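Throughout, read-outs are computed from the coordinates displayed, never taken from laboratory work. As the structure is a computational prediction, the values presented were derived from the model and not from experiment. For neighbour counting, all protein chains shown are included, and Cβ atoms are generated from backbone atoms with ideal geometry for every residue, glycine included.
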Amino acid sequence: MTPRVAVLGAGNMAGAMVGTLRRAGSDVTVWNRTHSRAETVAEAHGARTASTTAEAVAGADVVLSSLADDQAVLATYLGEGGVAGAFGPEHVVLEMSTIAPDTARRVGEAVATTGAVLLDAPVSGSVPTVERGELTIMVGGDAAALERARPVLDALAVKVFHVGTLGAGATVKLAVNALVHAIDVGLSEALVLAEKAGVDRGAAYDVFAAGAAAAPFVLYKRPAFEDPDSAQVTFTLDLMAKDLELILSLAHGVGAPMEQAQRNRELVERAIADGFSGRDLSAIAEYFRRSG
């Protein structure tokens with residue numbers, strides 16, 4: 001039987017998840033703190049809306065949340081009228097936001113008191129990846145609960161990794177994003193170096209896309225790097241800065257050296273201060289062109 005799904009959140013990623021789940025045949029109910037945003041997403045994909053989180057999860061088999069940050073997650077689950085109190089043993093909860101591992105564990109402990117099970121299941125990919133059902137999802141938590149949620153995860157992802165206990169998914173997601181953000185900065189530097197030395201931007205990118213450095217990020221972000229003025233904003237520099245704060249906080253807590261991440265955070269903060277807030281993370285290259 002196709003699972004009934006409650007989606008908490010209606011941002012770019014959550015909205016794309018609603019569409020993909022609907023195309024896979026799931027009955028989906030959407031809740032968002034700004035109800036009009038939930039209505040827009042639901043109308044676009046033939047889903048229902050709920051006015052409260054409790055209403056959203058009533059009757060659901062799987063609940064997933066994709067929210068802006070740790071504060072939004074804590075408020076949604078544990079704040080006044082938080083959804084944690086509305087769960088029961090019938091629920092598997094997928095927390096898919098990019099958050100600190102300690103936040104995932106804190107929320108998971110509260111959810112467990114209701115008999116429900118929370119998995120931290122952040123994703124690697126962008127809106128187009130969600131729409132194609134080709135995310136990579138890293139899951140921390142109970143293996144049996146993962147199997148209960150498998151139909152929902154398989155609709156969204158081409159690869160699902162069970163990486164350990166609760167909090168491990170969030171940990172691996174931060175490690176993944178540390179690598180992605182390093183690639184973003186390195187690609188920006190390399191492209192601007194070639195340009196300033198007189199090489200055509202497209203010709204340089206042809207070589208990057210064909211050589212040893214041709215990571216998926218390098219390939220799918222090509223339009224944004226080649227035509228920054230027309231780049232679709234899929235992940236802002238502001239979110240990159242938020243990620244790097246979480247990454248460095250985790251690194252400090254476990255004693256891991258993250259010198260490149262530290263430099264990248266400083267760089268992104270300078271770019272934002274210079275007017276690049278709200279731009280796609282590929283705009284680091286444009287920041288280098290202007291500052292150079």
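As a length-normalised measure over Cα pairs under 8 Å and 6 or more apart, the relative contact order of the range 172-291 settles at 37 percent. When the scattering of the range 172-291 is computed by the Debye formula from its Cα atoms alone, each counted once and equally, what is log10 I(q)/I(0) at q = 0.19 Å⁻¹? Log-scaled intensity ratios, in q order: -1.02.
Springs join every pair of Cα atoms under 10 Å in this Gaussian network model of the chain, and among Gly125, Gly115, Gly253 the largest mean-square fluctuation is at Gly253.
Sequence-distant contacts, meaning Cα pairs under 8 Å at least 6 residues apart, place the relative contact order of the chain at 13 percent.
Applying 1/(1 + (r/R0)^6) with r as the Cβ-Cβ distance of Ala256 and Thr113 and R0 = 35 angstrom yields a FRET efficiency of 0.65.
Residues whose amide H lies under 5 Å from that of Val93, counting only those 5 or more places away or on a different chain, are Val63, Val117, Leu118, Leu119; hydrogens are built 1.01 Å from N in the peptide plane. Between the entries [x] 56, 42, 37; [y] 83, 52, 30; [z] 62, 43, 33, the label attached to Cα extents along the principal axes in Å calculated for this structure is [z]. Our coupling estimate for the range 268-278, obtained by passing each phi through the Karplus curve with A = 6.51, B = -1.76, C = 1.60 and θ = phi - 60°, is 5, 4, 5, 4, 5, 5, 8, x, 9, 4, x Hz, Gly and Pro reported as x. Backbone amide hydrogens, once placed in the peptide plane, bring Ser277 within less than 5 Å of nothing, excluding anything fewer than 5 places away on its chain. Computed from Cα atoms, the angle from the helix 168-196 axis to the main principal axis of the chain rounds to 20 degrees.
In the elastic network of the chain, a GNM with C-alpha springs shorter than 10 Å, the most mobile of Val73, Val117, Val233 is Val233. Axis of helix 237-254 versus longest Cα principal axis of the chain: the two differ by about 80°, to the nearest ten degrees.
Residues considered: Asp69, Asp206, Asp280. Largest GNM mean-square fluctuation over the chain, using C-alpha springs under 10 Å, is found at Asp206. Modelled label positions at Ala213 and Lys196, each set 7 Å beyond Cα in the direction of Cβ, lie 1.4 nm from each other.
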